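The values are calculated or read from the model by the stated rules, or taken from the named source; none is laboratory data. Everything quoted here is computed from the prediction, not taken from an experiment. Cβ sites come from the backbone with ideal geometry, for glycine too, and all protein chains shown count toward neighbours. Note: accessible area is taken over every heavy atom of the protein model, side chains too, but ligands, DNA and RNA are not part of it. Shrake-Rupley method; radii C 1.70, N 1.55, O 1.52, S 1.80 Å.
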Amino acid sequence: MTSPSLPNYARHLPRWARPASLSAAERRHAAHLALAGVLLMALALRLYRLDGSSLWSDEGNTWALVQRSWGQIAHDAAVDIHPPGYYWLLKLWSGLFGSSAAAIRSFSALLGTALVGMVYAVGRRAAPAASVGLGLTAALLAAVNPFQIYYSQEARMYMLLAVAGAGLFWALLAWFDREGAGRGVAGPALGFIAAGSLGLWTHYSFPILLSAAGLAYLWHWRGLLAASRHPTRSLTVFTLANLAVVGSFAPWLPTAVARVLAWPKGGVVTAPAEGVRLTLHMLLFGPLHDLPDPIWPWLAAAGLLPLLGLTAPARRARGVALGLWLLAPVALMFGLGLFSDAFLKFLLVASPAWLLLIAASPDLLPWPNAGRGLLIAGAALLAALTLPAYFAGPNSRDNYAGVARYIAATGDPATDLVILDAPGQADVWRYYDPGLPVLALPGRRPPDAAATQAALDAAVGGKRQLFALFWATDEADPQRIVESRLDQHAFRGLESWQGNVRFVVYTQPQALTCTELTPPAAFGGTFELLAHCQPNLPQTVASGQTALVELRWRASAPLPVRYKVSVQLLDARRQVIAQHDAAPAGGSRPTDSWAAGEVVGDNHGLTIPPGTPPGPYTLIVAVYDEAGGARLITSGGDAYTLGQVEVARPMQPVPAGVAPIRVRVGRSLGPVTLVGYDLHRKGFSHAPQTPLQPGDLVHITLLWQAPDPLPAAWPADLRFSLRLGSQTLTAPLAGEAYPTGQWQAGELVRGEFDLPFDGSDDRPRLEVDGDALRLQRLPR
């Protein structure tokens, strides 16, 4: 029978969709089914592409530690800033499932799923009796939260820390319930001790949550005191539980105190408004890079909804506990000046409380279920806007795997060397080691300049290519000893950011042939190019390799302005194929430091992009004002022609998977594969997100791969069509100079094109042989 208390619209719903018509047992069963679905979704999101991004340096340290003995783990943790609890548990896990990237990350994925379940459990405790709406809503928000998903896919201790914190507050709320009902607290006390002990053995920041739990209990105890419900006995039991937590950590306590006292003093002083913004940004998005635009509505909701939620829990002590759980880690961040990229992850322990308070906010509405539906829809929208780019992006973390694949494809163990500028990268590099010799410098902190230079000079002698990975240089090499030495004595070529790792390829030539310029080429009247040197004239370079140019400059008078030098390789259509811009000598000899008449050597390496069609290209040099960008005028205009470079097919082509390209596609269009593309305002390859205005040129790089083998009907001149607004470009895939009839089976081929932007559309449409693809939106 339909309940007469239901509104008319609800009378026509199936019985299972009418909660008021369900018995208590049926409601519990429905809640359990819903929770199971949420947990399955959470697990799927946390396991999806679990090893899609590379391990980074800290995860490399984790991988290295779990290979060691139990005692060695404790010994190494004693000189680090983390206790050994997480590493011991992960060693047990890796003994069962292995120590691959996916295996060691799967422990965090399981913990992240468990955290979603614990959020539900805490929500049930914080909500009015028999209500499951708060817990289920909060669990759904946690399941799709980018911050939690990111750290559920990282082999570090922060997800275990969050689970310990959630367990602590679940036990605390259960304690409140049982004391309020006059029942024994043995079960919650044991849970509190277990969670507290786990937290202390996981991270040295956990005492802040124990402090928050203590303050929340004192608020609850005030009610016991007012009601004369054995307040002294209750406070004594809670105190003994906390002493048990500390006692369980007693064997490690002296080490913990010593390590915390040795923590570097100082920190980042952050204004309150900026600290709040960073906190909300991290709780919403974690460290993800591709974010919705505009971002301010999300930040506003992230700050306002928890404030509303604080007033919603029906039992006041629960609201106080959730508020302290959220605010205590934020207070720690402010107190120790931790608002920097390296420490924002400490906010993960506050994420469950933040989500629970958000989930509580609809209880203030006349229609709370509608409010919860809006919250869930908003969370799903945020996940849809941010997670696809995270899962697909190779640089979601520092991309050591991609760097190692590139070196494996282009390096030679007999002639090349890998340089790790910051020895902290050594462990993760061992995981991906492509087999080249490795030099980790500087050897100590602070670095010894003379010893570092001597070790570097001895190691690079006789080497051809130097693959340098610069990471955390502000701490490891603040004087840029390694980089400055390389810039002065080698030729800097390919340079790219792989997450927070800067990957630079240097080349050392065996001999150079110099061309003296008579008279010297004048740049702006007081700046002269005396000579340029190359390995041979004309220089022949395979695509994927580096063209080398040494320039010799002289100023006739002191220069008050800092200039940069741009060396460019142009095709027959004057498209820039390769470019290297830098202050002279890699920035170590800025022009405003030159003495009149001094000759300054300036090395430049131009990495020829993989897929560059073979043939002759023009090499030019330009000089421009570092601040304003205006070029100095020469006798040939605003650039001086150095000669030609012949690009050849590589003997060992770079695999398509490691060819540098910003947007990867891997989709067949007609008989060819579009490996990927770059898309940006012309002249702004260094800043691809620079907005375009009507009248600007869009520069498009298309990276193709021919089929292997070539089909019998392979076309001699396959063309594409690219449409943007009212503008349409139709051209051969790589330009007129290299039609498809000249391609080889499996060859990578690159095409560079320009298209006017009229402002009427921001998504180019690419078509080849009847197959079409919409490219990414242009920044506007």
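Picking from residues in the range 331-376 that are closer than 15 Å to GLY135 by Cβ and of a type in the set (S, T, N, Q), the one that is surrounded by the most Cβ atoms within 10 Å (Cβ to Cβ) is SER361. Note on the range 446-458: among residues that are under 11 Å from ILE481 (Cα atoms), within 31 Å of the chain's Cα centre (by Cα) and not β-branched (Val, Ile, Thr), the one that is modelled with the highest pLDDT is LEU456. All conditions in (1) touching a strand residue (DSSP E or B) at 6+ places or on another chain (Cβ under 8 Å); (2) touching a residue at least 40 places away in the same chain (Cβ under 8 Å); (3) open to solvent by less than 30 Å² (accessible area, probe 1.4 Å); (4) not in a helix (DSSP H, G or I) hold for LEU436, with the sole exception of (2).
ASP571: farther than 19 Å from THR515 by Cα and free of Cβ contacts under 8 Å to residues at least 60 places away in the same chain, yes or no? No; evaluated as a whole, the condition is false for this residue. Residues in the range 377-386 that are farther than 25 Å from ALA121 by Cβ and hydrophobic (A, V, I, L, M, F, W, C) were compared, and the one that is surrounded by the most Cβ atoms within 10 Å (Cβ to Cβ) is LEU385. Can you work out which of the residues in the range 308-323 that are in a helix (DSSP H, G or I), in contact with a Gly (Cβ under 9 Å, 6 or more places away or on another chain) and open to solvent by 30 Å² or more (accessible area, probe 1.4 Å) is modelled with the lowest pLDDT? Checked the range 308-323; the qualifying residue modelled with the lowest pLDDT is ARG316. May I ask you to verify whether GLY525 is loosely packed, with under 14 Cβ neighbours inside 10 Å and of a type outside the set (S, T, N, Q)? So GLY525 fits the description; yes.
Looking across the range 255-270, the residues that are surrounded by 10 or more Cβ atoms within 10 Å (Cβ to Cβ) and not in a loop (DSSP other than H, G, I, E, B) come down to THR255, ALA256, VAL257, ALA258, ARG259, VAL260. In this entry, GLY373 is excluded by the filter for residues that are under 22 Å from GLY499 (Cβ atoms) and at pLDDT below 95.
Results for (1) at pLDDT 90 or above; (2) within 25 Å of TYR400 (Cβ to Cβ); (3) not in a strand (DSSP E or B), shown as yes or no for each residue.
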{"residue": "VAL482", "(1), (2), (3)": "yes, yes, yes"}
{"residue": "ASP487", "(1), (2), (3)": "no, yes, yes"}
{"residue": "VAL505", "(1), (2), (3)": "yes, yes, no"}
{"residue": "PRO509", "(1), (2), (3)": "no, no, yes"}
{"residue": "CYS514", "(1), (2), (3)": "yes, no, no"}
{"residue": "PRO519", "(1), (2), (3)": "yes, no, no"}
{"residue": "HIS532", "(1), (2), (3)": "yes, no, no"}
{"residue": "TRP553", "(1), (2), (3)": "yes, no, no"}
{"residue": "LYS564", "(1), (2), (3)": "yes, no, no"}
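Of all residues in the range 577-614, those satisfying the criterion of being among the small types (Gly, Ala, Ser) and in a loop (DSSP other than H, G, I, E, B) are ALA583, SER588, ALA595, ALA596, GLY597, GLY611. Within the range 389-401, not a single residue is farther than 30 Å from SER100 by Cβ, at pLDDT 90 or above and of a type in the set (Asp, Glu). Note on the range 121-162: residues that are outside any helix (DSSP H, G or I) and not polar (S, T, N, Q) amount to 10. Within the range 67-87, the residues that satisfy the criterion of being part of a helix (DSSP H, G or I) and surrounded by fewer than 22 Cβ atoms within 10 Å (Cβ to Cβ) are TRP70, GLY71, GLN72, ILE73, ALA74, HIS75, ASP76, ALA77.
Would you check if LEU456 is crowded, with 19+ Cβ neighbours inside 10 Å and either of a type in the set (Asp, Glu) or not in a helix (DSSP H, G or I) (or both)? So LEU456 fails the test. If only residues of the range 614-663 that are small (Gly, Ala, Ser) and within 27 Å of GLY393 (Cα to Cα) are counted, the one that is surrounded by the most Cβ atoms within 10 Å (Cβ to Cβ) is ALA659.
Given LEU96, LEU90, LEU39, which one is at pLDDT 90 or above, open to solvent by 80 Å² or more (accessible area, probe 1.4 Å) and either polar (S, T, N, Q) or in a helix (DSSP H, G or I) (or both)?
Working: LEU90 fails: open to solvent by 80 Å² or more (accessible area, probe 1.4 Å); LEU39 fails: open to solvent by 80 Å² or more (accessible area, probe 1.4 Å).
On inspection, the qualifying residue turns out to be LEU96.
Look at the range 179-195: where a residue is over 16 Å from GLY167 (Cβ atoms) and a partner is among the hydroxyl-bearing types (Ser, Thr, Tyr), sitting 6+ places away or on another chain with Cβ atoms under 8 Å, you get GLU179/SER234. With respect to being more than 28 Å from ARG662 (Cα to Cα), free of Cβ contacts under 8 Å to residues at least 24 places away in the same chain, open to solvent by 30 Å² or more (accessible area, probe 1.4 Å) and over 32 Å from the mean Cα position of the chain (by Cα), GLY461 fits the description. Among the candidates THR279, THR239, the residue that is farther than 22 Å from THR386 by Cα, surrounded by 11 or more Cβ atoms within 10 Å (Cβ to Cβ), among the polar types (S, T, N, Q) and modelled with pLDDT of 90 or more is uniquely THR239. Considering GLY741, GLY746, GLY735, the condition of being surrounded by fewer than 16 Cβ atoms within 10 Å (Cβ to Cβ), assigned to a loop (DSSP other than H, G, I, E, B), over 31 Å from the mean Cα position of the chain (by Cα) and not polar (S, T, N, Q) is satisfied by GLY746 alone.
One line per residue, one yes/no per condition, for (1) in a loop (DSSP other than H, G, I, E, B); (2) under 21 Å from LEU224 (Cβ atoms):
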residue	(1), (2)
LEU115	no, no
ALA164	no, no
ALA174	no, yes
GLU179	no, yes
GLY182	yes, yes
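Of all residues in the range 195-213, those that are open to solvent by less than 20 Å² (accessible area, probe 1.4 Å) and over 22 Å from ALA74 (Cα atoms) total 3. Among all residues of the range 669-692, there is at least one that is in contact (Cβ under 8 Å) with a residue 40 or more places away in the chain, open to solvent by less than 20 Å² (accessible area, probe 1.4 Å) and part of a loop (DSSP other than H, G, I, E, B). Taken over the range 402-428, the criterion of being within 23 Å of the chain's Cα centre (by Cα), surrounded by 21 or more Cβ atoms within 10 Å (Cβ to Cβ), part of a helix (DSSP H, G or I) and in contact (Cβ under 8 Å) with a residue 60 or more places away in the chain is satisfied by GLY402, VAL403, TYR406, ILE407, GLN425, VAL428. Selection of first residues in the range 600-613 that are surrounded by fewer than 23 Cβ atoms within 10 Å (Cβ to Cβ) and of second residues that are basic (Lys, Arg) and assigned to a loop (DSSP other than H, G, I, E, B), restricted to Cβ pairs under 6 Å at least 6 apart or on distinct chains, gives the following pairs, ordered by first then second residue: VAL600/ARG589. Identify, please: which residue in the range 763-780 is under 19 Å from LEU697 (Cβ atoms) and without any contact (Cβ under 8 Å) to a residue 60 or more places away in the chain and is, among those, most open to solvent (accessible area, probe 1.4 Å)? Taking the candidates together, the pick is ARG777. From the list GLN568, GLN510, the lone residue that is out of contact with any strand residue (DSSP E or B) (no Cβ under 8 Å at 6 or more places or on another chain), of a type in the set (S, T, N, Q) and open to solvent by 10 Å² or more (accessible area, probe 1.4 Å) is GLN510.
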